[in-house]
Amino acid sequence: MSNIKLASRVTSIRISPSVAAAQKVRDLQAQGRKILNLTVGEPDFDTPQLIKDAAIRAMEAGETKYTPVNGTVELRKAIQHDFKSRLNIDCELNEICVGGGAKQVLFVALMATVEDGDEVIIPTPYWVSYPDMVIANGGTPVIVRCGEETRFKLTPEALEAAITPRTKWVILNSPSNPTGAAYTADELRALGAVLLKYPHVLVMCDEIYDRIWFADFDACSILGVVPELKAQALVVNGVSKSYAMTGWRIGYAAGPLDLINAINKLQSQMSSCPSSVSQAAAAFALTSDQEAVADAVAVYRQRRDRAHALINAIPGLSCLLPDGAFYLYPSCAGLIGKTTPDGRVIENDLDFSLYLLEAAGVASVHGGAYGLEPYFRISTATSMEIIEEACAAIATACAALA
Ligand code: PLP
């Protein structure tokens, strides 16, 4: 141990619970245990070959130097076109920024705006990183419970009740990690109407999963539905999940010019720019034909349907049908208070997911990590065989509870 005194912005945050869960799986596997891993937060597909080829071409053409801080014109044009054609979002090229993954863009946007004590409204269940990102930037997360009764979505009433003079942001994630719930245009319109009454409140729309879409309504974004929110909305997206490009680290956002300039100013001192080669690959991904995405979505859909049916057939568990993304968020309320074969009581969802790990060899992430209990998250970014085997093992383990 060294004597380094770390900054409170580090000591006040946690390592991501999903990273911790993945580490636990690796530790158990290293001990020789067979673990069916349902904690995975990235596509199990490889990046499509055509995208890799575009990156190779870019390297060979010498695109191996710094790019503009806010991203290449080529990529920003691709983003501008994608936002307009799919989501009806109008933005100028200088109202778009590109960073090292959506995660970095979200973090830097908070860094650019949050003063000590500013509040950020985070609906539950939330992506594990939001509260820690807010805390790391001196803000106060204001957690608003959104349960199954609203399909895990924020209502206009709950939003309005949470707004104070200190509110800086509300974070909307659609489709959601961990529930897969997505907002409809009408729901976004109603939230937008509230936000227009409070011009000091910004809305951060994390739409990183919006191409992995199963719902019978079209993917939509609050800024496309309520263009009057232009001065208040930051729409964040990226190529990680849709194009199986998690390792390429490209995320981006469109928003008010002042905010985008502030994000760029910080990025200029943090990383100068995102990877040039990855930007070329991302531009190709966004502008080429979307067949590989459609193929992946068809596979995710089959897995979602199968996992949803298998989980709902297990007494004590129940699960809503996700609109998008590659997660399910089943409730284990029916099993809380039961006793394991070796006499331990399942007090909460952490106990339940640890029991699944020990008794069924199935790794999941407990709902407490996402701010809403008693649930657990399972990922379908794995093969159908593993999903079926894992659900069978979960069924056996649940049946053994008394
Ligand atoms: N937002 C959500 C809701 C996510 O689940 C993730 C990744 O797990 C990200 C953002 C980060 O994406 P990126 O790889 O672009 O940083």
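The values are calculated or read from the model by the stated rules, or taken from the named source; none is laboratory data. Since this is a predicted model, take the numbers as computed values, not measurements. Don't worry about glycine lacking a Cβ; one is built from the backbone with ideal geometry, like all the others, and counts go over all protein chains shown. Side chains included, ligands, DNA and RNA excluded: accessible areas come from the protein's heavy atoms. Shrake-Rupley method; radii C 1.70, N 1.55, O 1.52, S 1.80 Å.
Are any of the residues in the range 193-209 modelled with pLDDT of 95 or more, within 16 Å of the ligand (Cβ to nearest atom) and open to solvent by 20 Å² or more (accessible area, probe 1.4 Å)?
no
Name the strands (runs of 3 or more DSSP E) wholly inside the range 161-259 in which the number of residues that are under 27 Å from ARG301 (Cα atoms) and of a type in the set (Phe, Trp, Tyr) is 1 or more.
So the answer is 251-254.
Could you identify the single residue in SER2, SER85, SER18 that is assigned to a helix (DSSP H, G or I), polar (S, T, N, Q) and modelled with pLDDT under 95?
Testing whether each residue is assigned to a helix (DSSP H, G or I), polar (S, T, N, Q) and modelled with pLDDT under 95 leaves just SER18.
Among the candidates SER383, SER331, SER379, SER364, single out the residue that is surrounded by fewer than 16 Cβ atoms within 10 Å (Cβ to Cβ), on the phi < 0 side of the Ramachandran plot and within 21 Å of the chain's Cα centre (by Cα).
Going through SER383, SER331, SER379, SER364 in turn, just one is surrounded by fewer than 16 Cβ atoms within 10 Å (Cβ to Cβ), on the phi < 0 side of the Ramachandran plot and within 21 Å of the chain's Cα centre (by Cα): SER383.
Out of curiosity, is ASP27 in a helix (DSSP H, G or I), over 30 Å from ILE394 (Cα atoms) and more than 16 Å from the ligand (Cβ to nearest atom)?
When the stated conditions are applied, ASP27 does not pass them.
Give me the residue from the range 227-249 that is within 17 Å of CYS91 (Cβ to Cβ) and open to solvent by 10 Å² or more (accessible area, probe 1.4 Å) and, out of that set, farthest from the ligand (Cβ to nearest atom).
Top of the filtered list is GLU228.
Considering only the range 142-154, state which residues are on the phi < 0 side of the Ramachandran plot and open to solvent by 40 Å² or more (accessible area, probe 1.4 Å).
ILE143, ARG145, GLU148, GLU149, THR150
Only one of ALA182, ALA158 is surrounded by fewer than 21 Cβ atoms within 10 Å (Cβ to Cβ) and small (Gly, Ala, Ser). Can you tell me which?
Going through ALA182, ALA158 in turn, just one is surrounded by fewer than 21 Cβ atoms within 10 Å (Cβ to Cβ) and small (Gly, Ala, Ser): ALA158.
So which pairs qualify, if the first residue must be in the range 165-184 and away from the ligand (no atom under 11 Å from the Cβ), the second must be open to solvent by 10 Å² or more (accessible area, probe 1.4 Å) and modelled with pLDDT under 95, the Cβ gap must be under 8 Å, and the two must be at least 6 apart or on different chains?
Filtered contacts from the range 165-184: ARG166/GLY117.
ASP305 is checked against (1) surrounded by fewer than 22 Cβ atoms within 10 Å (Cβ to Cβ); (2) part of a helix (DSSP H, G or I); (3) not assigned by TED's automatic domain parsing to the domain that holds GLU385 and fails just one. What number does that condition carry?
So ASP305 meets the others, but not (3).
All but one of (1) over 30 Å from CYS332 (Cα atoms); (2) more than 16 Å from the ligand (Cβ to nearest atom) hold for VAL108; which doesn't?
All conditions are met except number (2).
For the range 35-50: of the residues being among the polar types (S, T, N, Q) and within 15 Å of the ligand (Cβ to nearest atom), which is modelled with the lowest pLDDT?
Ranking the candidates gives THR39 first.
List pairs: first residue in the range 116-141 and open to solvent by 30 Å² or more (accessible area, probe 1.4 Å), second residue modelled with pLDDT of 95 or more and among the polar types (S, T, N, Q) anywhere in the structure, Cβ distance under 6 angstrom, at least six positions apart or on different chains.
GLU119/THR140; GLU119/THR167; TRP127/ASN173; TRP127/ASN177
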